[in-house]
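Report on the structure given below.
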Amino acid sequence: MPIWYGGDYNPEQWPRAVWDEDASLMRTAGVNLATVGVFSWSRLEPRDGEFDFEWLDVVLEKLHAAGVRADLATATASPPPWLTLKHPEILPVTASGVRLSTGSRQQYCPSSPLYRRYATRLVTALAERYGSHPALQMWHVNNEYGCHVSRCYCDVSAEAFRGWLRDKYGTVEGLNHAWGTAFWSQHYSSFDEVFPPRDAPTFKNPAQLLDFDRFGSHELLECFRAEAAVLRQVTPDIPLTTNFMGFFKPANYWEWAKELDFVSDDSYPDPADETAYLHSAMTRDLMRSLAGDKPWVLMEQATSAVNWRPQNAAKRPGQMRAWSYQAIAREARGIMYFQWRQSIAGAEQFHSGMLPHSGTDTRVWREVVEFGAELTALSGVLPSTVAAPPVEAAIVLDWESWWALEQPARPTRISYQGQLSAWYRAFTQAGLRVRFVHPGADLSGFRVVVAPTLFLATEASLDNLAGYARDGGTLIVTFQTGIVDENLRVRSGGYLGPLQRTLGLWIEEFTPLAGHPAALAGTVTSSSVTWSEVVRPAGATVESEFTDGPAAGGPAITSNGTAWYVAADLAADGKAALVETILGRLGLDLPRPAPGVERITSQADTYVINHNPLPYVVELDGTDLLTGKPARGLELPQYGVAIVRA
Ligand code: GAL
């Protein structure tokens, strides 16, 4: 299998004369896959039911002749103007009741049966026409579901929400109980009285908000399923995907990933951010976790600057290549861009492309061509199937808990992603290879598991964590875990549910350190923590205490056998110290990566990527697959990469 290389290709933005040049330059660049037609609905179906495939026939023929395969989009991400003019009820409505207009993209209500009907009609026509086209490699279903409109609050959505709630609760009394509607006179006598959580005078019902998030992710997934069902019926042998957006809160990707033939992701870290490579590493590890040890595809990234930040930094020479290898090292077998040719008109005219406005005598183009050649050379060399190496550490990630934790009216404001990143950094800096896992996942293979701020947790999830520790696994549970159940009902009597026994403690009171950080003393110290609480040990050993603040002198970190509790929002030094302490007790002596240098082992190969301004000298034996030279002693400049095969 080749390593896919290419990008979004939007030939409809260009006169036909340009298409031949595109095909020929694609060959020059080593492009072997083009994502075609993502935003082509209005050109494929210019009028209701009238299809115009002639231009796409020509494009696909040209690609085929050039040896470029097609990642053919279903083109449903931006409904054409005639459709929303004819059926304005397809247009989405915000929580404040504003109906969004045409003239941009993604202007559809995910619950609209009309939208889905028109979308699947187009998909059927595309599948029937191109299902056996020799260029067709894969289907690209829609595009970035939920990117702009992840929730719709219109009347159609309200009716769909009611139906979803009826299916879930059976009776309105079931809903009343789950939502705790005795509070603030919210009791419902019938499902007809229920609405999406539209703008309201003050805090909305938390369980209603949570169910609306569940419903919202589900409705987007239903859109995907409707298209996928058509494709699977008409073209059962063609794999399909839809592009994810990393740690994207509105869509529960654990649910989504199961439905794709392979995972793909869009990735736009900020080139100006010195630490962005860490976020990009974490996202790529998430994709590897979601992909279930199948290869995945980096479906979109920028060759250089984007156009949607207040300041759009250009990537520095080599940065795009280094960030791409972060993906390949984590089992991506496709490196794609948005987009092939930089647009001259439209909202993304200043977003970089593989082929820049200024043509081929440019740095970006040269890097694109060189990297394409390199990937072509690697294609036969890198394994095409994934046999993931053993991974030591797991970070529990749960979308439902994310939605619940970041609601308003919580004990404190916590960024869930911030917590995940901080633990990811602490683990990877200690040399641990990390996987993200669902709280219900089999944890038995991991040496250490952290559940950071798993605010909402089912009894089954908590039992799963407890069982892992009971069987000898090293478990780290942090503050604000197991506070509420799946209906957002508080676990009274000290929170944590079954984990109280595992951890040997209960929690008496939260004492957040609003604006007055405290420190920790004991086995593990931490410079500045922003959360404290009153922990009541019931068998646990106190490892560290708060030195100041309302919980001063009380437990901040405890252990109970192999189960650790962290009652503080540890600073980076505190997390690092805790991980070191735990590795010490496990007797796990791992090679530490140098700061700013990634060392990722994938099957037979170890990828070394230097993100530092200063050069780094490789200290591994073997041959560098990129230069053919002995690896040891190779000097990698900033953004330099070596793939060391023993
Ligand atoms: C993605 C999207 C592309 C393009 C790109 C720009 O979100 O899928 O169509 O807009 O961003 O960065």
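Can you order the peptides 580-588, 327-335, 38-46 by their average number of other Cβ atoms within 10 Å per residue, highest first? Mind dumping the intermediate values first?
Values: 580-588: 14.3, 327-335: 24.7, 38-46: 20.3.
Ranking, from highest mean packing down: 327-335, 38-46, 580-588.
Using alpha carbons only, what's the Rg to Rh ratio of the stretch 100-143 with Rh from Kirkwood?
Values: Rg = 13.1 Å, Rh = 12.3 Å.
Ratio value, two decimals: 1.06.
Would you order I476, I600 from fewest to most other beta-carbon atoms within 10 Å of each residue's own beta-carbon?
Details: I476 28, I600 23.
With the sparsest Cβ surroundings first, the list reads I600, I476.
Can you tell me, using C-alpha contacts under 8 Å and at least 6 residues apart, the relative contact order of the chain as a whole percent? Don't jump to the answer; show the numbers that get you there.
Details: 1302 pairs, mean separation 62.6, N = 646.
Computed over the chain, the figure is 10 percent.
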Assuming a ≥ b ≥ c are the square roots of the Cα gyration tensor eigenvalues, decide whether the stretch 338-419 counts as rounded (a/c under 1.5), prolate (otherwise, with a/b larger than b/c) or oblate. oblate
Using only the Cα atoms of the stretch 494-585, each taken as one equal point scatterer with no solvent, compute I(q) by the Debye sum, divide by I(0), and report log10 of the ratio at q = 0.10, 0.15, 0.21 Å⁻¹. -0.22, -0.49, -0.97
Compute all pairwise cysteine Cβ distances in the chain, then list the cysteines with no distance under 4.7 Å to another cysteine. C147, C154, C223
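In whole angstrom, how long is each semi-axis of the equivalent ellipsoid of the stretch 51-94, when you take the square root of 5 times every eigenvalue of its Cα gyration tensor and sort them from largest down?
Values: eigenvalues 203, 31, 5 Å².
Gyration-tensor ellipsoid for the stretch 51-94: 32, 13, 5 Å.
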Rounded, prolate or oblate (a/c below 1.5 giving rounded, otherwise prolate when a/b exceeds b/c) for the stretch 286-368 by Cα gyration tensor: prolate
Per-residue Cβ contact counts at 10 Å, fewest first, order L499, L488 as L488, L499
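Work out, step by step, the length gained on full extension between F183 and A377: first 0.36 nm times the residue separation, then minus their alpha carbon distance; give nm to one decimal. Intermediate values should be presented prior to the final figure.
Details: separation 194, 0.36 × 194 = 69.84 nm, distance 6.48 nm.
Using 0.36 nm per residue and subtracting the Cα-Cα distance, I get 63.4 nm.
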Apply the Debye scattering formula to the stretch 1-75, with a single equal point scatterer on each alpha-carbon and no solvent, then give log10 I(q)/I(0) at q = 0.14, 0.17, 0.21, 0.24 Å⁻¹. -0.42, -0.61, -0.89, -1.12
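Which pairs in the list K62/K258; K168/K249; K204/K249; K249/K294 are over 25 Å apart, alpha-carbon to alpha-carbon? Don't jump to the answer; show the numbers that get you there.
Values: K62/K258 34 Å; K168/K249 22 Å; K204/K249 19 Å; K249/K294 23 Å.
From K62/K258; K168/K249; K204/K249; K249/K294, over 25 Å: K62/K258.
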Normalised by the empirical 2.2 N^0.38 Å for globular proteins, what value does the Cα Rg of the stretch 458-513 take? 1.12
Taking the alpha carbon gyration tensor of the stretch 573-620, what are the square roots of 5 times its eigenvalues, largest first, to the nearest whole Å? 24, 16, 8
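If each DSSP helix of 4+ residues adds -39,500 (n - 2.57) and the sum is divided by the residues in the chain, what number results at 222 nm, nearest 500 deg cm²/dmol?
Numbers: 17 runs with 208 residues, N = 646.
Only helices count here, giving -10000 deg cm²/dmol.
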The size of the Cβ-based charge dipole (Lys, Arg +1; Asp, Glu -1) of the stretch 1-98 about the Cα centre, to the nearest 20 debye, is 200
Report, as a whole number in µm² per second, the diffusion coefficient that Stokes-Einstein gives for the chain at 10 °C and 1.306 mPa s using the Kirkwood radius over alpha carbon pairs. 60
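Roughly what % of DSSP beta bridges within the stretch 1-153 run antiparallel, to the nearest 5?
Details: 2 of 14 bridges.
Here the share of antiparallel DSSP bridges comes out near 15 percent.
For the chain, what are the DSSP H helices with axial Cα length of 30 Å or more and mean Kyte-Doolittle hydropathy of at least 0.0?
Values: long enough: 206-234 (42 Å, 0.05).
The answer, listed by residue number, is 206-234.
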Taking R0 as 60 Å and r as the Cβ-Cβ distance between E508 and F51, the FRET efficiency 1/(1 + (r/R0)^6), rounded to the nearest 0.05, comes to 0.35
Have a look at the DSSP beta bridges in the chain and tell me what percent are antiparallel, nearest 5. 45
Working note, the stretch 382-448: Cα radius of gyration (Å, one decimal) and Dmax (Å, whole number) are 14.7, 50
Shape of the stretch 553-646, Cα gyration tensor, a/c cut at 1.5: prolate
Which GluC sites (Glu not before Pro) in the stretch 193-270 pass both tests, a DSSP loop state and at most 16 other beta-carbon atoms within 10 Å? E259
In terms of the ratio Rg/(2.2 N^0.38 Å) built on C-alpha atoms, what value belongs to the stretch 204-248? 1.56
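No value in this document is a laboratory result; all are computed from the given coordinates. Note that the structure is a prediction, hence the values are computed from the model and not measured. Using ideal geometry, Cβ is built from the backbone for each residue, glycine included, and neighbour counts are taken over all protein chains shown.
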